[in-house]
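Q: Take a look at the following structure, please.
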Amino acid sequence: MLFVVRVWILLSALLVGAGWILSACHELNRIGYATIFALAAAVLIYWRKKIKWPSPENFSQARHKFYRRFKRPAPLLFLALASLALLAGVLYAPFNWDSDAYRIPRVLHWLGHAQWHWIRTLDARMNIANCGFEWLSAPLILFTRTDRFLFLINWLSYLMLPGLIFSVFTRLQVRPRTAWWWTWIVSSGWCFVLQAGSITNDSFAAIYALAAIDFALRARENKSVGDLWLSMLAVALLTGAKQTNIPLALLWLLAAWPALRLMFARPVATIFVAAFSLLISAAPVVFLNFQHTGNIWGIASQTLNPQWHTELHSPFWGIIGNIFCLPVQNLLPPFFPWADAWNEMMQRFLETPFGAHFTSFESFGGVSAVATETSAGIGLGICVLIFISILKTGWHPPRNENFSRLLCFSPWLLLLLFMAKVGTAQNARQLAPYYIFLFPLFLAAPGHSQLTRRLWWQKIVYAVMLLAALTLAIAPRRPLIPAKTIVNALQAGFPQSKFIARAGTFISRPSSDERRDFFKKNLPPDETLIAYAATSDADEPVLWLPLGQRRVERMLPGDTSSQLRAMGIHYVVIESTYLDKTIEQWLAEYDGELIGRAAAAQRYSAPAGTLYLVRLHQPPE
């Protein structure tokens, strides 16, 4: 496991660094990546004698250990969860609202221009968000000409989760037997399971967080500067994945502090690793945000569409609000048909004098009717299990060394920092890299080791993992059961049931396949450049198809018809949410002809919009 994690950290660092370097050289293309890979292969060949490759005996031992381990129920259930996630990723085209709205499109824009660039768009997130997942995605899209393999980034990360959790837990003085059981329990967290077969970019960073702490603690134990360098790369990748992960860098600094003196043993190499770590961290995006907007977050001075709340107005009320929001999101069942009524109640609460303190939240108290990769936290089952475990064993401050005790308490202080600053609609899933570090404070108590021997407790563990499997199987975007057939049959038998009717709304939403077929039929294949008029909707990826043969340029409200025609644009795709007038008025103003319309991508909490495909009339030569 350790060898695989080392390879993953180095490969991730290579791909993220390559993205920025090739962009600086205007060579973000196949030739550029081929050159980087050739140089990496040359370095690997040069250093091959100093690399501790696994021997055939290691592979044999690993194979026997695998067979022996997965004969036990808990690891076998984890293997089942990983297999179900893989099946979901293979069967369904990747769709995630945020990813399709700006993460995948920004990669396509960069590849279309052979470099990172500040994209001309109404959606500020296409420019200001961190790029860690995108730089891992870019070569996959570039060489395969499809986005179907992007879920493998999350799935491969998920496979490494148990080994790293066990290693970190035991280094934080959690007893091996307790750590073994909670390794499989935490790995079945809904945010990890649901994201394993998706392209959501929260849980994959948990591997970087765990590796950063694990290698930092290993460097302290083994006096290895190589492990310290790996931990530096891992924490840099962690901050580069998402801005909300930046506080975890303080946890790494605390874990690495006793080993920092090792840097002076190889000062030149350490300077190089530190510089490269800076390149693959959040630093480039912070610098570019400041350069283009005047602040490091990029939103406050963003005049085009400043609607995304990433920072709360009051830290105190942020903490109070998140004390309510985070438990609500984590304690939801897999299906919650009363979500609309709950959300309406939350809106009425915000109109009260006390509720006004929480209006800076993006969607205070808002919940989703079904657990998805974009809404789920650690999960109801694990929350109930840790509560039962603490209730049965009692909680006592961990009786370990001061350094480990400090590492156990620190994540809870960082959680307060997160709660004070972040008020997005899906805080629970954005905490995915944090959750794992919150458990050792309770699990280090000696009573848990005895509790894990209780048969009734083990049965609850299996039930929790089976609940995670059920949640994955009924995920509305990637169901692993014939959901539509079942719901249609239930609706026929119970036509008055509002519960069943509510379930039906989640499986009858327009799919990306319908939009893909519409544009394939109505857009001429020789149209290599089209315009897209949208705010923050998730329909752009299908417009780029076939990948590598077409480019999409965002249209802004001030663009005139003459500007579009001067760019050689003949077709415009318009989101209904973009229009501040009727489509007929727009056609008259821009001298266009409506070719057709299709159902747009749909959020769970909003009705589906409309996509208009328009052909601009060309003036006679």
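Q: Pop out the ³J(HN,Hα) list for the stretch 441-455 in order, Karplus 6.51 cos²θ - 1.76 cosθ + 1.60 with θ = phi - 60°, rounded to Hz; leave Gly and Pro as x.
A: 4, 8, 6, 6, 5, x, x, 5, 4, 6, 4, 5, 7, 6, 5
Q: Along the charge dipole of the chain, Cβ charges K/R +1 and D/E -1, which of A249, T374, V285 sits furthest on the positive end?
A: So the residue we want is A249.
Q: Okay, next question. With θ set to phi - 60° and the Karplus curve 6.51 cos²θ - 1.76 cosθ + 1.60, what are the ³J(HN,Hα) couplings of the stretch 587-601 in order, to the nearest whole Hz, using x for Gly and Pro?
A: Karplus-based 3J(HN,Hα) across the stretch 587-601 equals 4, 5, 5, 9, 6, x, 10, 6, 8, x, 9, 9, 6, 7, 4 Hz.
Q: Rounded, prolate or oblate, given the Cα gyration tensor of the stretch 402-486, with a/c below 1.5 counting as rounded?
A: It comes out oblate by the Cα gyration axes.
Q: Here's another thing I want to ask about it. Using the per-residue mean of other Cβ atoms lying within 10 Å as a proxy for protection, in what order, highest first, do the peptides 214-220, 386-392, 27-33, 233-239 fall?
A: 233-239, 214-220, 27-33, 386-392
Q: Which order do peptides 249-259, 187-197 fall in by mean Cβ count within 10 Å, highest first?
A: 187-197, 249-259
Q: Now, a different point. Using a/c under 1.5 as the rounded threshold, could you call the stretch 512-616 rounded, prolate or oblate? The axes a ≥ b ≥ c are square roots of the C-alpha gyration tensor eigenvalues, and prolate needs a/b larger than b/c, oblate otherwise. Don't skip to the answer; put the middle values down first.
A: Details: a/c = 1.61, a/b = 1.09, b/c = 1.48.
Cα axes put the stretch 512-616 in the oblate bin.
Q: What does the highest-first list of 404-410, 455-461 look like by mean Cβ count within 10 Å?
A: Descending packing order for the listed peptides: 404-410, 455-461.
Q: Starting from the Cα of R69, step 7 Å along the direction of its Cβ; do the same at I296; then give the gap between the two resulting points in nm.
A: The two pseudo-label positions are separated by 3.9 nm.
Q: Next question. Taking R0 as 25 Å, what FRET efficiency do you get between F354 and K392 from their Cβ-Cβ distance, rounded to the nearest 0.05? Can you show the working numbers first?
A: On the way: r = 37 Å, r/R0 = 1.47.
Approximately 0.10, to the nearest 0.05.
Q: Would you kindly derive the ³J(HN,Hα) couplings of the stretch 147-163 from the backbone phi angles with the Karplus curve 6.51 cos²θ - 1.76 cosθ + 1.60 (θ = phi - 60°), listing them in order in whole Hz, with x for Gly and Pro?
A: Working through the residues one at a time gives 9, 5, 9, 5, 5, 4, 4, 6, 5, 5, 5, 4, 5, 7, 4, x, x Hz.
Q: Using a Förster radius of 51 Å, what is the FRET efficiency between W257 and L547 based on their Cβ-Cβ separation? Nearest 0.05, please.
A: Numbers: r = 46 Å, r/R0 = 0.90.
The pair W257/L547 has a calculated efficiency of 0.65.
Q: Here is a further query. Please list, in order, the residues from the stretch 94-114 whose amide nitrogen is less than 18 Å from a point placed 7 Å along the Cα→Cβ vector of R120.
A: Only 106-114 fall inside the zone, counting backbone N under 18 Å.
Q: If we count other beta carbons within 10 Å of each Cβ, what is the order of M263, M1, fewest first?
A: Ranking M263, M1 by Cβ neighbours within 10 Å, fewest first, gives M1, M263.
Q: Can you tell me how the stretch 189-303 classifies by the Cα gyration tensor, rounded, prolate or oblate, using a/c under 1.5 as the rounded cut?
A: oblate
Q: Relative to the present Cα-Cα distance, how much length would full extension add between Q563 and L466 at 0.36 nm per residue of separation?
A: On the way: separation 97, 0.36 × 97 = 34.92 nm, distance 5.69 nm.
Going from the current span to full extension adds 29.2 nm.
Q: Also, I was wondering about something else. Describe numerically, in nm with one decimal, the distance between label points set 7 Å from Cα along Cα→Cβ at N522 and at A24.
A: 4.5 nm
Q: Relative contact order for the chain: what is it in percent, counting Cα pairs under 8 Å that are at least 6 residues apart? Each step should come with its number before you reach the end.
A: Numbers: 900 pairs, mean separation 98.9, N = 621.
Normalised by residue count, the contact order of the chain is 16 percent.
Q: Size of the chain along its principal axes in angstrom, Cα-based, largest extent first?
A: Extents along the principal axes: 81, 67, 51 Å.
Q: Related question: In nm, to one decimal, how far is the E584 label point from the Y46 one, both placed 7 Å along Cα→Cβ?
A: In this crude spin-label approximation the distance works out to 7.0 nm.
Read-outs throughout are calculated quantities, based only on the coordinates presented, and are distinct from any laboratory measurement. Model, not experiment: these values are computed from the prediction. Quick reminder, even Gly has a Cβ in these numbers, built from the backbone with ideal geometry, and neighbours come from all protein chains shown.
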